[in-house]
1. Is at least one residue of region 282-299 under 22 Å from G358 (Cβ atoms), within 16 Å of ligand 2 (Cβ to nearest atom) and in contact with a Pro (Cβ under 8 Å, 6 or more places away or on another chain)?
2. Could you give every pair whose Cβ atoms fall below 8 Å, whose first residue belongs to region 312-329 and is under 16 Å from L291 (Cβ atoms), and whose second residue is assigned to a loop (DSSP other than H, G, I, E, B) and open to solvent by 40 Å² or more (accessible area, probe 1.4 Å), counting only separations of at least 6 or pairs across chains?
3. Pick out the one residue from S270, S247, S204 that is away from ligand 1 (no atom under 11 Å from the Cβ), small (G, A, S) and in contact with a helix residue (DSSP H, G or I) (Cβ under 7 Å, 6 or more places away or on another chain).
4. I'm trying to understand the selection: among the residues of region 419-452, which are in contact with a helix residue (DSSP H, G or I) (Cβ under 7 Å, 6 or more places away or on another chain), small (G, A, S) and in a loop (DSSP other than H, G, I, E, B)?
5. Just give me the residues in region 251-263 being more than 14 Å from ligand 2 (Cβ to nearest atom) and either open to solvent by 10 Å² or more (accessible area, probe 1.4 Å) or farther than 27 Å from D217 by Cβ (or both), in sequence order.
6. Which helices (runs of 4 or more DSSP H) sit wholly inside region 42-141 and have at least 1 residues that are modelled with pLDDT of 95 or more, aliphatic (A, V, I, L, M) and open to solvent by 30 Å² or more (accessible area, probe 1.4 Å)?
7. Looking only at strands (runs of 3 or more DSSP E) that fall completely inside region 159-247, which ones have 2 or more residues that are in contact (Cβ under 8 Å) with a residue 60 or more places away in the chain?
8. Need at least 2 residues that are away from ligand 1 (no atom under 13 Å from the Cβ) and surrounded by fewer than 17 Cβ atoms within 10 Å (Cβ to Cβ) per element, so show me which helices (runs of 4 or more DSSP H) inside region 282-395 make the cut, counting only ones lying wholly within it.
Amino acid sequence: MTVPVGALDRHIALIGFMGAGKTTVGAMVAARISRLFFDLDREIERSLRLSIPELFRQRGEAGFRVIEAERTLETLRHNRPAVLALGGGAVETPAIRKALKDHALTVFLDVELDDAWARVARTARPLAQDAEDFRALYDLRRSLYEETADVRVQDADDIVLAALGIELGGDPEGDALIADERVLELHPLEFVETHVAGPKTLSSAERLWEELRLGRDGTIVGYGGGSTTDLAGFVAAGYMRGIRWISVPTTLVGQVDAGIGGKTGVDLPSGKNLVGAFHYPDRVLIDPALLETLPPEELRNGLAEVVKTGLLAGRSLWELPAEKMIRACAAFKAAVCLADPFERRGRREILNLGHTFGHALEAASEYRLPHGEAVALGLTAALRVSGVEIPEVLDVQPVRVDRERAWAALQRDKKARDGKIRLVLLEEVGKPVVREAEPAEVRKALDELIAD
Ligand SMILES: NC(=O)c1ccc[n+]([C@@H]2O[C@H](COP(=O)([O-])OP(=O)(O)OC[C@H]3O[C@@H](n4cnc5c(N)ncnc54)[C@H](O)[C@@H]3O)[C@@H](O)[C@H]2O)c1
Ligand SMILES: [Zn+2]
């Protein structure tokens, strides 16, 4: 990783009018991505042991702005990336605007004038004492927020998405396209350089490295399902020791999972995803309209991941209309990745819910069983072991695979030191836990997935 992407290694700074909800939304985002949260107004009040209205009375607005700038700049220069809520007027100070450019992804949390007024009228806020003055200030500051911000947002999901460069819609721009051949036929894109991705293997990667004509400052666009974006990202990670890339996932699996999160790689004859690199795309462009041509089987694969995400998030995301569903799932995955960008903190483990059982069934079927079906079955087993009710959407039939082979496959990669098996389970819907389960219990749950 050579360049800062989104807010992977930068602060997320919320700016916006008083009453926009910067404190509430900022704290929510920080909790979701496991970062510290700083509310600058509260920090100032705490360090000076004075309320903001009192500070205004004692030092005037100009005096307050000086203190605000000091505290804000200091916090922005703080090393560990955090989430910051800035005071409503902070962007009026040029030094703060400059520091935001250097140290943060700046998001403008927008609010309607009436909503803001309803929230702050009749409070002690010094600049919210008169409706007419309030409106004038709102109009004045709004353009400043827009100029200063990298992106305008409405809610926590928008912020998390922006933090990984994820956009719904948006035009793929870049220098070389690496595309799934079928997708390119169905949804053509014009690029100076276009390459067919081919299978997700080292020989495809080698061919692409030979074919590419880009310089170090070139950008690759990966256009296709997870196989294609995994390969294109891997090619970008290796080409000239790493160039930028943009992920344009065209399957449901890609849009809710594979296209997001920086894991790139290829399969080897001896196993899937055995060679790879973390290499985050600068942008992920999600266009749900591309899914209209997706074969039903591929849609089912994606739905299994949607159900997994819903169970982890504690919301029936699969019941939402397509675009909302995709946005919510993408935001969930993005938040987990932001909390654990390079899989060093264990947090990403939860994304394997249902997959230990699923992978065992896939292996036992010699990969004839589609991944989505295997995951749906695996989720059923994980819910049973968790003692959590199985939602109707997971209407699965046991599959015909060899029991012993499935059991051997499950044990191969998951056996903990004392003979127990580490699994992602749910304390309840929305509360994932990683814990060790008794082999007998795991075996029983696996057996229930298999038909005689
Ligand atoms: N990087 C990650 O974090 C991650 C996560 C999950 C899965 N993956 C990887 O993703 C891969 C699976 O990805 P996938 O399920 O997207 O499958 P895929 O990329 O193999 O695509 C499946 C099929 O759908 C077709 N297709 C793609 N988009 C289409 C469209 N819009 N219309 C019609 N057809 C279309 C493709 O041509 C292909 O035949 C696996 O290799 C898996 O390891 C990676
Ligand atoms: Zn999966």
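1. yes
2. Final answer for the pair search is W318/V393; A328/R315; A328/L320.
3. Answer to the check: S204.
4. Within region 419-452, G419, G430 meet the criteria.
5. none
6. In region 42-141, 52-77, 94-103 are the helices (runs of 4 or more DSSP H) which contain 1 or more residues that are modelled with pLDDT of 95 or more, aliphatic (A, V, I, L, M) and open to solvent by 30 Å² or more (accessible area, probe 1.4 Å).
7. Fully inside region 159-247 and qualifying: 166-168.
8. Here the list reads 322-339.
The values are calculated or read from the model by the stated rules, or taken from the named source; none is laboratory data. Just so it is clear, the model here is predicted, and its values are computed rather than measured. A quick note on method: Cβ atoms are made from the backbone with ideal geometry, for glycine too, and the neighbour counts reach across all protein chains shown. The area values use the complete protein model at the heavy-atom level, side chains included, leaving out ligands, DNA and RNA. Shrake-Rupley method; radii C 1.70, N 1.55, O 1.52, S 1.80 Å.
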